[in-house]
Amino acid sequence: MKLEGIHHITAITADAPGNVDFYARILGLRLVKKSVNQDDPTVYHLFYGDERGDPGADITFFEYPGARRGTAGAGMVHRIAWRVASGDALTFWEQRLGEAGVATEREEGSLVFADPEGLWHELMIVETTDQPLTADHPEVPKEFALQGFDSVRAYSFDPEQSRRFLEQALEFSAGGEDAWEVRGDQRGSFYRYDRTEQRGVGGAGTVHHVAWASPMDDHEAWQKRVAEAGASPTPVIDRFYFRSIYFREPSGVLFEIATVGPGFDVDEPLEHLGERLSLPPNYVQLRDRLEQVLTPLPDTRRQLATGGR
């Protein structure tokens with residue numbers, strides 16, 4: 001069995017409207033699902049990605065209004081790297097982010113910046129045979145759009161404590177010092193560590209977990225394998241849009257293995273993804289109450305399409 005790279009990455013925000021503005025308007029991603037945290041349905045779960053909401057480009061956020069700013073430390077992902085196609089794309093994003101008041105640092109082949117709550121991102125020129133996963137945006141030319149995830153970087157006191165589990169249980173392939181490649185038949189990505197002595201504090205601007213993609217037919221076998229490796233996974237949980245198991249790898253990072261499918265178009269047509277509050281069947285009866293307590297969000301896609309009207 002092989003995992004198909006990163007499925008999605010979930011982080012925390014204290015400001016859902018600002019979050020939509022940054023990820024959908026400025027970064028050019030599509031808000032593909034406006035739903036709720038299924039473990040706490042009074043909390044938004046927002047999903048941004050490519051035009052179809054495919055695994056591999058899906059960054060998601062739980063909104064906890066007023067949450068304090070967190071600090072990444074050992075056992076936490078601290079940087080998300082996205083693929084872009086060229087140096088011209090980096091120049092485009094350097095200018096676009098600068099015009100939006102976002103500080104950037106240009107490095108060899110990459111551009112580093114943080115979102116308004118301090119979550120770090122990196123845009124990297126990557127040559128790959130993987131299909132580019134892009135969203136349509138009137139202000140972002142297709143050739144400059146973000147193309148999906150390349151990697152995540154996590155902090156660890158000692159990455160060696162995770163090597164055996166990553167390579168033997170999850171079949172990650174060593175890809176350099178403190179780095180591994182996760183590649184299946186369709187896609188791949190990288191998992192990298194940076195060493196630290198600092199403990200992290202969860203909160204706004206921090207990553208909650210990283211999910212790896214599994215074909216549907218392999219999912220229960222992954223749950224069994226992780227359990228046999230001593231990582232104490234949850235049972236398989238049906239999230240309606242995909243199925244999930246959760247566990248912590250030895251360095252403390254919260255992992256999920258999520259299935260490729262059923263997908264975000266299971267309850268709304270592709271052309272209207274993310275336009276209304278989508279609730280899995282077990283939560284539909286809560287719609288009236290939730291729509292009264294959840295923060296109103298801007299309809300960025302419509303506003304862009306109509307010139308702000």
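The values are calculated or read from the model by the stated rules, or taken from the named source; none is laboratory data. Everything numeric in this text was worked out from a predicted model, so none of it was measured. With ideal geometry, Cβ positions are generated from the backbone for all residues, glycine too; neighbour counts draw on all protein chains shown.
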Legend entry - Tally of residues being aliphatic (A, V, I, L, M) and either touching a helix residue (DSSP H, G or I) at 6+ places or on another chain (Cβ under 8 Å) or over 19 Å from Trp120 (Cα atoms) (or both) across region 33-73: 4
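If I go through region 146-173 residue by residue, how many of them are small (Gly, Ala, Ser), under 27 Å from Gly49 (Cα atoms) and out of contact with any Pro (no Cβ under 8 Å at 6 or more places or on another chain)? Break it down stepwise before answering.
Step one: filter region 146-173 for residues small (Gly, Ala, Ser), giving 148, 151, 154, 156, 162, 169, 173.
Still in the running and under 27 Å from Gly49 (Cα atoms): 148, 151, 154, 173.
Checking the rest, the ones that are also out of contact with any Pro (no Cβ under 8 Å at 6 or more places or on another chain) come to 151, 154, 173.
The number of residues fulfilling the criteria is 3.
Each row is one residue, and each column tells you yes or no for (1) among the polar types (S, T, N, Q); (2) in contact with a Pro (Cβ under 9 Å, 6 or more places away or on another chain); (3) at pLDDT below 95; (4) closer than 17 Å to Arg79 by Cα.
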{"site": "Gly175", "(1), (2), (3), (4)": "no, no, yes, no"}
{"site": "Phe240", "(1), (2), (3), (4)": "no, yes, no, no"}
{"site": "Glu256", "(1), (2), (3), (4)": "no, no, no, no"}
{"site": "Asp267", "(1), (2), (3), (4)": "no, yes, no, no"}
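Within the group Phe255, Phe247, which residue is free of Cβ contacts under 8 Å to residues at least 24 places away in the same chain, crowded, with 17+ Cβ neighbours inside 10 Å and not hydroxyl-bearing (Ser, Thr, Tyr)?
On the way: Phe255 fails: free of Cβ contacts under 8 Å to residues at least 24 places away in the same chain.
Within the list Phe255, Phe247, the selection yields Phe247.
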Legend entry - Selection status of Gly101, outside any strand (DSSP E or B), closer than 24 Å to Val201 by Cα and free of Cβ contacts under 8 Å to residues at least 60 places away in the same chain: no
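Give Ala227, Ala231 a once-over and let me know the one that is among the aliphatic types (A, V, I, L, M), touching a residue at least 60 places away in the same chain (Cβ under 8 Å) and either touching a Lys or Arg at 6+ places or on another chain (Cβ under 9 Å) or not in a strand (DSSP E or B) (or both). If you could, list the steps in order and put the result at the bottom.
Details: Ala227 fails: touching a residue at least 60 places away in the same chain (Cβ under 8 Å).
Matching residue, one of Ala227, Ala231: Ala231.
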Inset, instruction - Note down all Cβ pairs under 7 Å where the first residue falls in region 174-193 and is under 19 Å from Thr129 (Cβ atoms), the second is buried (at least 20 other Cβ atoms within 10 Å of the Cβ) and of a type in the set (S, T, N, Q), and they're at least six residues apart or on different chains. - result: Val182/Ser189; Ser189/Ser151; Phe190/Ser151
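Please work out if Gly56 is surrounded by 21 or more Cβ atoms within 10 Å (Cβ to Cβ) and outside any strand (DSSP E or B). Reasoning before the result, please.
Details: surrounded by 21 or more Cβ atoms within 10 Å (Cβ to Cβ): yes; outside any strand (DSSP E or B): yes.
In short, yes.
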Legend entry - Number of positions in region 267-299 that are surrounded by 11 or more Cβ atoms within 10 Å (Cβ to Cβ), assigned to a loop (DSSP other than H, G, I, E, B) and free of Cβ contacts under 8 Å to residues at least 40 places away in the same chain: 3
Inset, instruction - Specify the residue that is nearest to Gly75 (Cα to Cα); the eligible residues are those in region 177-208 that are assigned to a loop (DSSP other than H, G, I, E, B) and of a type in the set (D, E, K, R). - result: Glu197
Inset, instruction - Filter region 106-127 down to residues that are more than 17 Å from Ile9 (Cβ to Cβ) and in contact with a strand residue (DSSP E or B) (Cβ under 7 Å, 6 or more places away or on another chain) and give me whichever is surrounded by the most Cβ atoms within 10 Å (Cβ to Cβ). - result: Leu111
